[in-house]
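Here is the structure we will look at.
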Amino acid sequence: MNLPMPIEITFPDGAKKSFDAPVTGLDIAKGISPGLAKKAVVVRVNGALYDLNRPIEQDAKFEIVTRDKPEALEVIRHDAAHVLAQAVQELYPGTQITFGPATETGFYYDFARAEPFTEADLEKIEQKMKEIVKRDLPIRREVWDRDAAIRHFEGKGETFKAEWIREGIGKDEPLTVYKQGDNWLDMCTGPHMPSTGRLGTAFKLTKVSGAYWRGDANNAQLQRIYGLAFANDEELKAHLHMLEEAEKRDHRRLGRQLDLFHQQEEAPGMVFWHPKGWALWQAVEQYVRAAYRRNGYQEVRAPLILDVTLWKKSGHWDNYKENMFFTESEKRTYAVKPMNCPGHVQIYNAGLRSYRDLPIRYAEFGGCHRNEPSGALHGLMRVRAFTQDDGHIFCTESQIESEVTAFHRQAMEVYSNFGFSDIAIKIALRPEKRLGTDDVWDRAENALRTALKSAGVAWTELPGEGAFYGPKIEYHLKDSIGRSWQVGTMQVDFMMPERLGATYVDEHSQRRHPVMLHRAMVGSMERFIGVLIEHHAGALPFWLAPVQAVVATIVSDADAFAGKVAESLKAAGMRVETDLRNEKINYKIREHALMKIPVLVIVGRKEAEEGKVTLRFRGEEKQETLALDEAVGRLASLR
């Protein structure tokens, strides 16, 4: 008689425990403490996530994943998707389920149903979900034969599920289903929690949209129900509050309210900048341009379109052409540039370069066009036509560290001055579709790590998210309501200079290819301005505000003096308007507050007679009256 071999479980602290037979993660957790078993969501077994009730049948490194861990949140959200699907099928028999994954903030599920879901339906479905949670139905994992699974789903009229299995998707893996109670199941790889009661009620359905089976517009149209899910009610409430704040700060709404810009159907993904919006643009551009100059960059300008032969040499044709616009003239095909780098290499190549010339730093506010899908376009945040504060540094490999650390210092100063203090640094590593050998990528990635280490910076890494020509440092700015925005980049590129024939003469009179560093501080100007608007909720700091001050009169007798005040402020370099309308001053104050004007300069009969003005700063009830020259000096100091 063969006795079962004992199973050795190794805990994260190195402690070990043996069991005489297969054991579940839930049993192990209960053996440690009942409280831990309640907090447990799943367990990690030799690096893979297991259901709490799944037997562990071999020696394993073991870790309990509790509800407060990031990995647990994805499981919670996946459970919510299954509960949503069960709720829909209980309420609306005949509805087919397809697939429903976890998302960054919640979950969704796609359904095939003849009738459209309504907002009232969402309320009913959410209540049914809470009922299913209250039932605390056991969730069980089962491994099924593929043919039996096809027969089961076809017998229930679930043609989409049957099609998926019949096509052999995931045929090298066991086909697993998860049952919730006795009457509902879904095909899924898991893991899931032991029962629906473990989900809790920190979820909310948010909207319905259209979708296509397997994401293909040629396939059947489905309905997608979205929801939010969090580990507890407090996190859900905080996220809902953030969404409310985000709606108030939406740059598209503020763009209309503040008369900054608009977009229209005749130019999808492109922006019409109004005078006030262009004033904001220029404030950002001139600030960044000054930062260029302080740090040794020479500003250049390259053509907007270039013959496709250049884009083939650069690698864009093979790796990026689906995102490019093309045009033809005299039987030649041109590409509208999606990036500025090949043009800058041409400027570099226009002269003979020595190692003594390096590093050479070029900068350009370069207009780019990318053929983004229409469904992905979103105000200023995702456009087809945009301008980058683009720069390229041509240097030797030994100069990478000093150039990257110098850029890092410069970028951090710039972000601070725009009002961002919480900044995460990440390195995006080699993607699957890329140029060059692994050895070249090793050198490029390690160069970035070395530079950040030298700068005393902590970072995280993003496997597979680098550009096709090189890895990059990404700067992620957290805004005032906690959202993260990726803006600046610094990329190391060993490939493009070689492909485009860029060389320098080294100290031994040998021709060598320089390293090319691609860098941007704010990235897309459009997107950065959108982020600024939302970060500041439209109430931009004085130095950025399109209109920095409005001179408003109390009585018409002060009109002439108001004009003099406005001219004095303009002469000091400020962006100023006058409001001489025959309206009460309180009405003017309210109206300009809605327009987020930083300073109201109020003049009445008394101020005009005494040569003084009253300053009222945005968001403050307190006012101060100063002599005109003193007021001009005070406001000029805010620039």
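Take Arg77 and tell me if it is buried (at least 16 other Cβ atoms within 10 Å of the Cβ) and within 28 Å of Trp213 (Cα to Cα).
For Arg77, the condition - buried (at least 16 other Cβ atoms within 10 Å of the Cβ) and within 28 Å of Trp213 (Cα to Cα) - is met.
In segment 259-284, what residues are surrounded by fewer than 16 Cβ atoms within 10 Å (Cβ to Cβ) and assigned to a helix (DSSP H, G or I)?
Pro275, Trp278, Gln282 - these are the residues of segment 259-284 that are surrounded by fewer than 16 Cβ atoms within 10 Å (Cβ to Cβ) and assigned to a helix (DSSP H, G or I).
Would you check if Ala385 is in contact with a Cys (Cβ under 8 Å, 6 or more places away or on another chain), over 16 Å from Val531 (Cβ atoms) and of a type in the set (Gly, Ala, Ser)?
The answer is yes for Ala385.
Considering only residues of segment 222-239 that are farther than 17 Å from Gly210 by Cβ and small (Gly, Ala, Ser), which is surrounded by the most Cβ atoms within 10 Å (Cβ to Cβ)?
Ala229
Any residue at all in segment 102-125 that is over 33 Å from the mean Cα position of the chain (by Cα), closer than 30 Å to Ala40 by Cα and modelled with pLDDT of 90 or more?
no
Name the residue that is farthest from the chain's Cα centre (by Cα), counting only residues in segment 10-29 that are under 22 Å from Gly190 (Cα atoms) and not polar (S, T, N, Q).
Pro22
Can you name the residue in segment 153-187 that is among the basic types (Lys, Arg) and under 17 Å from Ala81 (Cα atoms) and, of all such residues, is farthest from the chain's Cα centre (by Cα)?
The qualifying residue farthest from the chain's Cα centre (by Cα) is Lys179.
Could you please give the count of residues in segment 530-539 that are in contact with a helix residue (DSSP H, G or I) (Cβ under 7 Å, 6 or more places away or on another chain) and surrounded by fewer than 24 Cβ atoms within 10 Å (Cβ to Cβ)?
2
Any idea which of Arg384, Arg409 is under 13 Å from Tyr475 (Cβ atoms), basic (Lys, Arg) and either in contact (Cβ under 8 Å) with a residue 24 or more places away in the chain or assigned by TED's automatic domain parsing to the domain that holds Gly343 (or both)?
After ruling out the rest, the residue left standing is Arg409.
Cβ contacts < 9 Å: first residue touching a residue at least 24 places away in the same chain (Cβ under 8 Å), restricted to segment 421-449; second residue assigned to a helix (DSSP H, G or I) and of a type in the set (Val, Ile, Thr), any location; separation 6+ or different chain. Result?
Pairs found: Ala444/Ile400; Ala447/Ile400; Ala447/Val404; Leu448/Ile400; Leu448/Val404.
If the requirement is being farther than 18 Å from Asp233 by Cα, surrounded by 18 or more Cβ atoms within 10 Å (Cβ to Cβ) and in the same structural domain as Leu205 (by TED's automatic domain parsing), which of these qualifies: Phe107, Phe111?
Criteria check complete, one pass: Phe111.
Step by step: first the residues of segment 99-147, then only those that are touching a helix residue (DSSP H, G or I) at 6+ places or on another chain (Cβ under 6 Å) and assigned to a loop (DSSP other than H, G, I, E, B), then the one that is nearest to Glu74 (Cα to Cα). Which residue is that?
Among those residues, the one meeting the criterion is Gly100.
Please specify each residue of segment 401-457 satisfying the condition of being over 22 Å from the mean Cα position of the chain (by Cα) and among the β-branched types (Val, Ile, Thr).
Passing the criteria: Val404, Thr405, Thr437, Val440, Thr450.
The values are calculated or read from the model by the stated rules, or taken from the named source; none is laboratory data. Keep in mind it's a predicted model, so treat the numbers as computed, not measured. With ideal geometry, Cβ positions are generated from the backbone for all residues, glycine too; neighbour counts draw on all protein chains shown.
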